[in-house]
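Engineer: Okay, here's the structure, questions in a sec.
Just so you know, all these numbers are worked out from the coordinates, no wet-lab data involved. In this text, all values refer to a predicted model and were calculated from it rather than measured experimentally. When we count neighbours, we look across all protein chains shown, and the Cβ atoms used for this are built from the backbone with ideal geometry, even at glycine.
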Amino acid sequence: MPAEEKDSSLYAGITIMHYPPMRTDDVYRHVREILVPHHAELQAQGLQDALFLVNPESCQGIGIAIWNDSSKLREIEQGTSREMARAMRDPFQSPTEYTRLRAQWVQDLGGGIVSTDWYEVVGRVSSFTPVRGGKKASWP
């Protein structure tokens, strides 16, 4: 791959979590009050974008953090092996401050991390406008 293309590559760290049904409002509040400001601070370290998705019917959430440098993603996450995936679910075993906070926040919401993984972004279409409020809406 030519250097010009390599330099413009993006890398995504994805976390899937579940939470108890009675905590949906807490999850929305947590995304707005904790996750969005925390990830905004990470932009200075190379975070390109972050999306937080919530399905109130299945009580699952997906966090997607997009980085412009694979080495920074590896530094933040430090591993996706089976052993590391187990460690990332436990705030006391998580290898980095980022993964410790993520595990603690999910645990505080009464939920659990289903999986974490990394991907290279190989296609993108964007005309994204920020969500206003992020409240429970009528679900399609």
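Engineer: With a 10 Å radius around each residue's Cβ, average the other Cβ atoms per peptide and rank 112-118, 61-67, highest first. The partial results should precede the final answer.
Structural biologist: Numbers: 112-118: 15.9, 61-67: 20.9.
Final packing ranking: 61-67, 112-118.
Engineer: Within the stretch 37-62, find all residues whose amide N lies under 17 Å from a label point positioned 7 Å from the Cα of R29 along Cα-to-beta-carbon.
Structural biologist: Answer for the stretch 37-62: 37.
Engineer: Report the local net charge at I14: Lys and Arg +1, Asp and Glu -1, summed over other residues whose C-beta lies under 13 Å from its C-beta. The partial results should precede the final answer.
Structural biologist: Values: positive: R102; negative: D49, E77, D117, E120.
Local charge sum for I14: -3.
Engineer: Further question on the same structure: May I ask you to derive the relative contact order of the stretch 3-121, considering only C-alpha pairs under 8 Å and at least 6 residues apart, and to give it as an integer percent? Can you show the working numbers first?
Structural biologist: Values: 184 pairs, mean separation 47.1, N = 119.
With pairs under 8 Å counted, the relative contact order is 40 percent.
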